[in-house]
Amino acid sequence: MSRECFYVTTPIYYPNNVPHVGTAYTTIAADCTARFQRMLRGKDNVFFLTGTDEHGQKIEQAAREKGQEPKQYVDKIVAAFQEVWASLNISNNDFIRTTEERHESALQKIFQELLSRGQIYKSEYEGLYCIQCETFWLPSQLVDGSRCPNSECNREVQLLKEEGYFFKLSDYSERLLKYIEEYPYFIRPESRKNEVVSFIKQGLQDLCITRKKLEWGVRVPGDPEFTIYVWLDALCNYLTSIGYPERDPELFKKIWPANVHLLAKDILRFHAIIWPAMLMALELPLPDCVFAHGWLVMGGYKVSKSNLKGGARNLREMIEEYGADSIRYFLLREGTFGQDMEFSEEALIRRHNSELGNDLGNLLNRTLAMLHKYCGGIVPEAGDKNEPDDELLEMMKTVPEKFKIRLENLEFRLALETLWDLVVQLNQYVERTAPWQLKKEGAAGKLNTALYNLLEGIRRVVIMAYPFMPGSANRMFRQLGYETPLEDIRWDEIYNNFMKPGTKPGKGEPVFPKIEAEPAV
Ligand code: MSP
């Protein structure tokens with residue numbers, strides 16, 4: 001991971017439905033990663049990509065059902081996606097749509113390149129296809145002989161018999177297995193890696209990568225009766241958006257290979273088998289890591305379009321009700337990244353009120369109130385030592401170190417747990433030093449130390465909280481008296497740019513007002 005630019009991606013989403021909290025999960029995790037890496041490496045050395053996957057039979061059908069042209073249909077939904085991402089404070093550097101010319105022409109060049117390298121051949125395809133999942137299946141994989149094996153789909157598959165172009169996926173089994181063994185962090189988490197390995201060991205079949213007479217797709221160069229298979233189309237977005245093969249070779253050289261592709265477990269095989277085989281065929285380096293997280297579930301069922309009504313509400317409404325940061329915090333705090341996670345608005349409200357409102361928000365409020373009451377609102381110079389100082393100062397040093405390792409490792413929950421160790425410690429420090437008592441006793445030196453340490457501790461907490469809750473962290477940072485947005489703060493400032501005595505922080509205003517209302521059912 002010593003490359004200059006850190007490249008993180010989300011899957012590109014099907015715009016056949018507006019995003020829900022399940023879809024937002026990957027995007028929020030990617031945004032947190034990107035913001036954190038920008039702090040570590042500088043803004044220009046991180047590239048965060050998301051986008052939409054707009055071709056294929058499924059989208060075409062959805063559009064036709066609404067009596068619309070596919071492009072007209074997706075344009076509207078893509079706009080809704082972009083709006084939701086903006087209100088969640090998603091800081092992607094680019095947004096790729098597979099219907100853009102820059103993608104379509106590059107995809108055709110990639111197809112051409114694979115053809116000229118002898119990696120693609122034309123033949124007859126006869127087999128089974130699930131439109132919903134845009135996936136080819138073998139008879140042995142079907143449920144009850146005719147239904148899609150994806151447990152969330154289970155729809156009847158279609159028999160397809162048509163001419164098509166094939167990618168020589170079967171040639172890659174050995175190379176893929178060798179690669180996965182050599183690079184143990186290529187597929188994460190470990191349990192998912194084992195699944196992929198046993199799948200490859202069963203033997204890979206060549207993959208049909210075109211559809212005949214399907215209008216809504218990118219044409220095969222020189223053979224316009226065929227369109228390119230939507231998954232090949234989609235996977236290539238990770239390359240075409242950054243200028244491959246011809247549009248911007250300099251940019252491509254700076255950014256590729258990706259450090260991490262983030263996605264959910266249901267699309268891991270595409271990313272951990274087909275995608276690396278394609279890259280090998282193009283003689284391009286492979287990404288460092290493909291990380292498959294679990295699903296957001298409600299009552300055991302995957303949060304999805306189909307149970308959107310009864311389950312997770314419209315995301316836009318939820319953002320209005322709870323605020324982007326409480327949703328972001330909850331999703332990354334509640335579950336272990338890699339495993340399924342139960343989503344519930346009650347749990348979100350509980351964490352908002354107790355961890356964000358009480359532990360963090362009140363800490364800042366109380367501290368600023370004491371500063372105004374006892375020190376005229378001016379950050380004092382630390383004076384005499386208090387008994388609990390050493391313990392706090394030690395934690396202020398070690399917590400950022402631990403936090404950094406965990407977040408670099410995509411252990412979002414553990415990173416937040418570590419951060420909260422410091423938040424809890426700071427709250428205890430208030431109780432143990434009791435600044436109001438020191439004031440009464442006239443122990444000005446100790447009082448100054450207590451308030452200084454609290455403010456400096458909170459400053460560190462706020463910087464660490466930023467990748468998770470950019471809006472709220474910036475508000476807290478401003479309350480501490482800083483004008484520079486956290487977007488411009490580098491990680492090292494935690495250790496080398498302490499709170500300056502003489503600074504005049506503002507009066508605290510609640511950053512996480514209590515949520516009283518019961519969620520609407
Ligand atoms: N278009 C393809 C991806 C192509 S990437 C080259 C696709 N799109 S999708 O919109 O159906 O799903 C996008 C991502 O959102 C997938 O990783 C999917 O698993 C994820 N999620 C959808 N619902 C989810 C949950 N309930 N929980 C977690 N992830 C969720 O697949």
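Say whether the condition of being open to solvent by 60 Å² or more (accessible area, probe 1.4 Å) and within 24 Å of Ile319 (Cβ to Cβ) is met by at least one residue in segment 92-105.
Yes, segment 92-105 contains at least one residue that is open to solvent by 60 Å² or more (accessible area, probe 1.4 Å) and within 24 Å of Ile319 (Cβ to Cβ).
Taking Lys76 and the conditions (1) closer than 18 Å to Leu315 by Cα; (2) without any contact (Cβ under 8 Å) to a residue 60 or more places away in the chain; (3) more than 14 Å from the ligand (Cβ to nearest atom); (4) under 23 Å from the mean Cα position of the chain (by Cα), which numbered condition does it fall short on, given that it satisfies the others?
For Lys76, the exception is condition (4).
Regarding segment 53-72, can at least one residue be identified that is open to solvent by 10 Å² or more (accessible area, probe 1.4 Å), within 16 Å of the ligand (Cβ to nearest atom) and touching a Ser or Thr at 6+ places or on another chain (Cβ under 7 Å)? Before the answer, list the steps.
If we filter segment 53-72 for residues that are open to solvent by 10 Å² or more (accessible area, probe 1.4 Å), which is where we start, we get 57-58, 60-62, 64-69, 71-72.
If we keep only those that are within 16 Å of the ligand (Cβ to nearest atom) as well, we get 57-58, 60-62.
Still in the list and also touching a Ser or Thr at 6+ places or on another chain (Cβ under 7 Å): none.
The answer is no, given that none of the residues of segment 53-72 is open to solvent by 10 Å² or more (accessible area, probe 1.4 Å), within 16 Å of the ligand (Cβ to nearest atom) and touching a Ser or Thr at 6+ places or on another chain (Cβ under 7 Å).
Is it true that some residue in segment 285-306 is part of a helix (DSSP H, G or I), surrounded by 20 or more Cβ atoms within 10 Å (Cβ to Cβ) and more than 9 Å from the ligand (Cβ to nearest atom)? Show your work before the answer.
Let us first name the residues in segment 285-306 that are part of a helix (DSSP H, G or I), namely 305-306.
Remaining after also requiring surrounded by 20 or more Cβ atoms within 10 Å (Cβ to Cβ): none.
Checked against the condition, which is being part of a helix (DSSP H, G or I), surrounded by 20 or more Cβ atoms within 10 Å (Cβ to Cβ) and more than 9 Å from the ligand (Cβ to nearest atom), segment 285-306 yields no hits at all.
When segment 117-149 is examined, which residues are found to be under 23 Å from Glu54 (Cβ atoms), part of a loop (DSSP other than H, G, I, E, B) and either out of contact with any strand residue (DSSP E or B) (no Cβ under 7 Å at 6 or more places or on another chain) or hydroxyl-bearing (Ser, Thr, Tyr) (or both)?
Gln132, Cys133, Glu134, listed by residue number.
Among the residues of segment 27-55, how many are assigned to a loop (DSSP other than H, G, I, E, B) and out of contact with any Phe, Trp or Tyr (no Cβ under 7 Å at 6 or more places or on another chain)?
Qualifying residue count, segment 27-55: 2.
From the list Tyr7, Tyr25, which residue is in contact with a His (Cβ under 8 Å, 6 or more places away or on another chain) and crowded, with 23+ Cβ neighbours inside 10 Å?
The match here is Tyr25.
Could you list, in sequence order, all residues of segment 211-268 that are assigned to a strand (DSSP E or B) and open to solvent by 40 Å² or more (accessible area, probe 1.4 Å)?
Within segment 211-268, Lys212, Arg219, Pro224, Glu225 qualify.
How do the pairs read when you match residues in segment 360-384 that are more than 18 Å from Arg475 (Cα to Cα) and open to solvent by 30 Å² or more (accessible area, probe 1.4 Å) with residues anywhere that are of a type in the set (Lys, Arg) and not in a loop (DSSP other than H, G, I, E, B), using Cβ under 7 Å and keeping only pairs 6 or more apart or on different chains?
That search, which allows pairs on different chains as well, returns Tyr374/Lys439; Gly383/Lys446; Asp384/Lys446.
The values are calculated or read from the model by the stated rules, or taken from the named source; none is laboratory data. Bear in mind the structure is a predicted one, so any value in this text is a computation, not a measurement. Counting neighbours? That spans all protein chains shown, and the Cβs are built from the backbone with ideal geometry, glycine included. Side chains are part of the model used for accessible areas, which takes the heavy atoms of the whole protein and leaves out ligands, DNA and RNA. Shrake-Rupley method; radii C 1.70, N 1.55, O 1.52, S 1.80 Å.
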